1. Mind ranking Lys67, Lys168 by accessible surface for me, highest first, 1.4 Å probe?
2. Of Leu123, Leu42, which has the most accessible area with a 1.4 Å probe, and how do the rest follow in descending order?
3. So, taking all protein chains as they sit and a 1.4 Å probe, how much accessible area belongs to Ile202, in Å² rounded to tens?
4. For region 159-213, what is the largest minus smallest coordinate of the Cα atoms on each principal axis, given in angstrom and ordered from greatest to least?
5. Of the accessible area of region 395-516, with the probe set at 1.4 angstrom, what percent is carbon plus sulfur?
6. What is the ratio of the Cα radius of gyration of region 30-189 to 2.2 N^0.38 Å, where N is its residue count, to two decimals?
7. Just by accessible area at a 1.4 angstrom probe, what is the order of Ile217, Ile292 from largest to smallest?
8. What is the log10 of I(q)/I(0) for region 410-496, computed with the Debye formula using one identical point scatterer on each Cα and no solvent, at q = 0.15 Å⁻¹?
Amino acid sequence: MSSAPTVEALGRQPDVPGTAAAAAEAMAKEKKDGVVKEVIRLERESVIPILKPKLVMKLSYLIEQDKDRAEFMKLCRRVEYTVRAWYLLQFEDLMQLYALFDPVSGEKSLEQQSLTRDETETLELNFLTYLFQIMDKSNFKLLSDEENEVAHSGQYLLNLPIKVDESKVDKTLLSRYFKEHPHDNLPAFADKYIVFRRGIGIDQTTDYFFMEKVDVIISRAWRFLLRVTMIEKLFSRKRQLKPKKDTKKTDEVNDEEPADLFVERIRLEKMELSIRNLLRKMTIQEPTFERIIVVYRRASKETKKDRGIFVKHFKNIPMADMELVLPEKKNPSLTPMDWVLFLISAVLGLVTLVGSLEMPKADIWVVTAIVSGLVGYCAKTYFTFQANMVAYQNLITKSMYDKQLDSGKGTLLHLCDDVIQQEVKEVIVSYYILMEQGKATIQDLDSRCEQLIKEEFGVECNFDVVDAVKKLEKLGIVSRDSIGRIICVPLKRANEIIGTTTEEMVMRAQQAPAGS
């Protein structure tokens, strides 16, 4: 089940398992170093976060008989070679299609093909269809409206409003795709660009954050003033999230759903006001998307249609700073609220100043204090904005050099290999469980695989048992009994069924003595 992400003000230790009971037990500890912690609940993903060589070596080590261990290693190699062959043609089609829409060289390729407009648009949709299939197999999820709302509900290192320049982004390509391939719970920006995400991590920063703390104090004072004067209602616009459709019946959910993933967010906006907190270093924490892939097309010029499709791959992006990876960003400026605060302060200062000067005996110290306060506030606004601009430029530079993994063809090649690795790991783990523990229902196999990964590797995952069983059946190395339980064939027989692969024949030929 896909749980809608939420933000809760709960205290929770990082090593507590992500369950509702654990979260409830941790409510007693709501603060850490004077900051209220928030817990973000996300859906756990179907990813095996273990390198394949490590997985194979560990499972092989658990097999007692040397002969069986050798057969198991051979089976793992043959499974990988076979799965790779299954996807070869699909990957080739994907790469050939992208060659037509590569922003670097795609224009020349399209010219050589001499395609009509309708043919080109059909190929565009075909490429996106392949891309979505690969993303799904790689366990990337399309960023939903709820996840986007949660990501933007806080601030981390980026303290400027960043927006996409919609005039520079194409709105027709993705609109056509989603019209033909509807998706539930699409974010509002899905017609301009799409964001895929996978994996959740944690990023921490420790500093004094003097300017940020001052901003928090001013913001709280301003909100208090608005609340007292009842002006707050004029500015408040609470967004209602659309309820996410649940395709499962209520009587099917409890036993089969994976536990949600809980991650902590610690930010200055929740800081407890005290002299000690203002003067000492503090650690803020933000959940990260371990992998983000952004897909978009630039807006075309009036004279020529731009067919290039950008595919950019990033790593370890803080959720609250996700705007850093968005395409075609506008240069940041003061927010409308900043201007409102600035103008109101200026008007109040001038009214007070004029009132003081009109008094029979104007106090020069009062006038000086008013002017100094007004000038100080203007200077603070200016220097805060300049400091945020410097931080923004540094974050942009860091995201380009440190956070961007690849783009275009490199990203697609990485995804293709990732699909193969995940599929192979699923097959290996599920076959090992059936081999060692005997026949099992699909529910039992699912729980046993997850338990094995947790016990032997110390990580939790939502094992995709349905896909794994389909692959085992396609390989012909499992069957079902009269009541539907899954049974695997013996190791030696499994290797005979798969047979000698092309890769093995090539390696034998290379190892054979010359002239033999």
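The values are calculated or read from the model by the stated rules, or taken from the named source; none is laboratory data. In this text the structure is predicted, and so the values were computed from the model without any measurement. Virtual Cβ from ideal backbone geometry, glycine too; neighbours counted across all protein chains shown. The area values use the complete protein model at the heavy-atom level, side chains included, leaving out ligands, DNA and RNA. Shrake-Rupley method; radii C 1.70, N 1.55, O 1.52, S 1.80 Å.
1. Of Lys67, Lys168, the descending order of accessible area is Lys67, Lys168.
2. Most to least solvent-accessible, the answer reads Leu123, Leu42.
3. Ile202 has an accessible surface of roughly 90 Å² with all protein chains in place.
4. Its Cα atoms span 51, 29, 15 Å along the three principal axes.
5. Carbon plus sulfur share of accessible area: 49 percent.
6. 1.52
7. Ile217, Ile292
8. So the normalised log intensities are -0.57.
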